[in-house]
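Each reported figure results from applying straightforward, stated rules to the coordinates on display, with no laboratory input. Nothing here was measured: the structure is a model prediction, and the numbers come from that model. In this analysis, Cβ positions are derived from the backbone assuming ideal geometry, glycine residues included, and neighbour counts consider all displayed protein chains.
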Amino acid sequence: MQHARFLVPLAVLGGAAFLALPTRTEAYTTIGGSLGLAQRDFRVFNNFTDPTANDNTTPDANFPGATGVALAMWKANLEWGSRLHGNGNGDPTQPGGLGSGGANFDPSWQGLATGVGGTNDNIISELSGSSGGTLAYCETPIQDGWRIRFYQDAANWSDGPGSTAGGQYDLQGVGTHELGHALGLGHSTVSGATMQAVATVNGVNERTINADDIAGVQAIYGVAAATKPIITNVVQSGCSLTITGSNFAPTGNEVWFTRLNNASGDPLKVTNVTSVGGTSITLTAPTAAGPGDLLVKIPGSANSALSNAWPVSPQGGTAPQSYCQAAPNSYDIFGATMAYSGSTSLATNNFTLVTNGVPPNAACLYFFGPNQAFAPFGNGYRCVGNPTTRLPIMNASPFGDAALTLNFTTSPASTIPANSPRNFQLWYRNPAGGGAGFNLSDGLQVVFCP
Ligand SMILES: [Zn+2]
């Protein structure tokens with residue numbers, strides 16, 4: 001049977017008097033059950049209709065890949081996490097303080113869903129209409145998952161990120177409350193607690209869990225154990241990730257990623273990962289890992305086996321970067337400029353060099369090398385230093401584009417290593433441009449993944 005755990009506006013309830021007083025000193029209550037390690041994933045179905053529910057389009061480095069209501073809900077759940085999420089920043093109302101639970105509980109952000117899902121699919125979405133002043137509710141029992149719905153007509157919803165405007169309700173704050181239900185908490189009578197049954201219009205207080213909420217989540221999941229793995233930093237180089245922290249297992253660790261286009265909600269797990277001294281893990285991000293969080297799970301099924309969540313954006317490793325300078329040619333006053341398509345994964349083997357603004361049908365060739373340069377050459381600039389390797393001569397299209405898909409299984413592209421920068425440039429003939437009769441594009445630096 002599904003029970004609705006809901007949050008209503010203060011104005012409707014006229015206070016929290018309807019709640020039964022708890023019998024212990026702490027004022028938090030529990031609804032029974034907890035989220036095991038198989039239920040830490042959560043997603044947002046972004047069907048929210050108020051323009052102000054999705055008008056925050058500013059990305060945040062601590063929450064890569066998310067804006068609008070998705071960003072607000074990600075922050076809402078991370079507030080319950082065991083320790084600071086990254087450097088704890090991202091919420092202007094609690095700078096440096098996001099991630100206050102201190103319990104053996106940490107969630108795994110799994111991005112956007114494509115529907116509202118079932119009652120145990122751990123998806124947050126909007127529901128049309130209204131219901132007696134209820135703002136939102138969480139469907140339980142939580143043991144096999146939950147679902148949270150926000151009533152479309154119950155409020156003028158705002159995604160923040162700062163304080164909300166007049167008459168609006170804060171999605172992040174109400175989300176923090178509803179996610180408290182998903183964790184197993186009932187309502188609290190403590191004034192100012194996130195789990196109070198009432199929300200105040202314009203208020204963002206619910207975003208910050210208070211001592212009573214912290215006592216509640218610690219009662220359900222246990223105070224963060226001394227043996228719980230801890231992530232303190234993640235450094236990315238190409239597709240290689242180095243996770244620094246403590247309490248990692250020597251062998252058998254799992255690294256959980258946010259899965260790209262996640263239909264199931266399950267985290268993307270890399271298994272049988274070893275650590276160095278329990279404090280460092282280096283691995284290659286899978287190509288299906290998207291921007292999000294990563295967590296480390298040591299062997300075992302206890303709540304304390306899963307680390308805190310740490311933001312990471314491993315998709316395609318480091319994005320290829322343009323550099324140097326294109327010079328004007330007879331066809332394009334901006335010259336020929338480098339672009340690319342396909343994956344930077346050598347194994348995927350579909351990376352394609354693309355150049356626009358090349359004189360139509362011009363004879364041309366790409367060349368590459370490990371070093372950069374910047375020196376006048378022909379009618380343009382040479383951007384790749386010695387030593388260089390040439391790719392086959394070809395012709396630009398009648399529309400002034402050149403493109404070449406690299407084949408990493410045959411020479412010379414097979415000599416390109418992973419995790420070491422390579423710089424690419426297009427040389428092309430341009431007699432109509434006068435001068436030396438040839439010119440070059442700008443440069444493109446690429447770090448390939450295995
Ligand atoms: Zn509630």
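Can you list, bin by bin at 5 Å, the percent of alpha carbon pairs in region 321-446, starting at 0?
In whole percents, the pair-distance histogram is 2, 12, 23, 26, 19, 11, 5, 1, 0.
Can you list the HN-Hα couplings for region 82-91, worked out from phi with the Karplus curve (6.51, -1.76, 1.60; θ = phi - 60°), rounded to whole Hz and with x for Gly and Pro?
Here the 3J(HN,Hα) series is 6, 7, 3, 8, x, 8, x, 8, x, 10 Hz.
Looking at the chain, which Cys residues are left with no other cysteine's beta carbon under 4.7 Å from theirs?
Among the cysteines of the chain, those whose Cβ sits 4.7 Å or more from every other are CYS138, CYS364.
Where does the chain land at 222 nm, in deg cm²/dmol rounded to the nearest 500, when only DSSP H runs of n ≥ 4 count, each adding -39500 (n - 2.57), divided by all residues?
The helix contribution divided over the chain gives -2500 deg cm²/dmol.
Please grab the % of Cα pairs in region 297-351 that end up more than 15 Å from each other. Walk me through the numbers on the way to the answer.
Numbers: 1056 of 1485 pairs.
Here the long-distance tail beyond 15 Å is 71 percent of all Cα pairs in region 297-351.
Quickly rank 98-107, 59-68, 73-82, 350-359 as a protection proxy: mean count of other C-beta atoms within 10 Å, highest first.
Output ranking for 98-107, 59-68, 73-82, 350-359: 73-82, 98-107, 350-359, 59-68.
Under a 5 Å amide H to amide H cut-off, with H placed in plane at 1.01 Å, what residues pair with VAL312 once short-range neighbours are removed?
Answer set, sorted by chain and number: GLY292, ASP293, LEU294.
Could the peptides 35-46, 373-384, 277-288 be put in order, highest first, of the mean number of other beta-carbon atoms found within 10 Å of their residues? Can you show the working numbers first?
Working: 35-46: 20.6, 373-384: 18.8, 277-288: 16.8.
Sorting 35-46, 373-384, 277-288 by mean packing, highest first, produces 35-46, 373-384, 277-288.
Return the whole-Å distance between the Cα centroid of region 143-160 and the Cα centroid of region 69-106.
First find each Cα centre; the distance between them is then 18 Å.
Can you compute 3J(HN,Hα) from phi for each residue in region 143-149, using the Karplus curve 6.51 cos²θ - 1.76 cosθ + 1.60 with θ = phi - 60°, rounded to whole Hz and x for Gly and Pro?
These are the phi-based 3J(HN,Hα) values: 3, 10, x, 8, 8, 10, 10 Hz.
Quick one: Cα convex hull volume of the chain, Å³ per residue?
159
Using Cα pairs closer than 8 Å and at least 6 residues apart in sequence, work out the relative contact order for region 321-446, in percent.
Working: 336 pairs, mean separation 42.8, N = 126.
Across region 321-446, relative contact order equals 34 percent.
If R₀ is 41 angstrom, what is the calculated FRET efficiency for the pair ASN202 and THR410, using the beta carbon separation as r and rounding to 0.05?
It comes out at approximately 0.05.
Could you tell me the relative contact order of the chain? Use alpha-carbon pairs under 8 Å, at least six residues apart, and round to a whole percent. Walk me through the numbers on the way to the answer.
Values: 1258 pairs, mean separation 64.8, N = 450.
Relative contact order of the chain: 14 percent.
Using only C-alpha positions, report the orientation-averaged shadow area of the convex hull of region 34-95, nm², one decimal. The partial results should precede the final answer.
On the way: hull surface 20.8 nm².
For region 34-95, the mean projected area of the Cα convex hull comes to 5.2 nm².
For a quick check: with amide H placed at 1.01 Å from N, whose amide H comes under 5 Å from THR189's, ignoring anything fewer than 5 positions away on the same chain?
Hits under the 5 Å cutoff: none.
Near GLY357, within a Cβ-to-Cβ distance under 11 Å, what is the net charge of the other residues, with Lys and Arg +1 and Asp and Glu -1? Mind dumping the intermediate values first?
Working: positive: none; negative: ASP332, ASP401, ASP442.
Here the count lands on -3.
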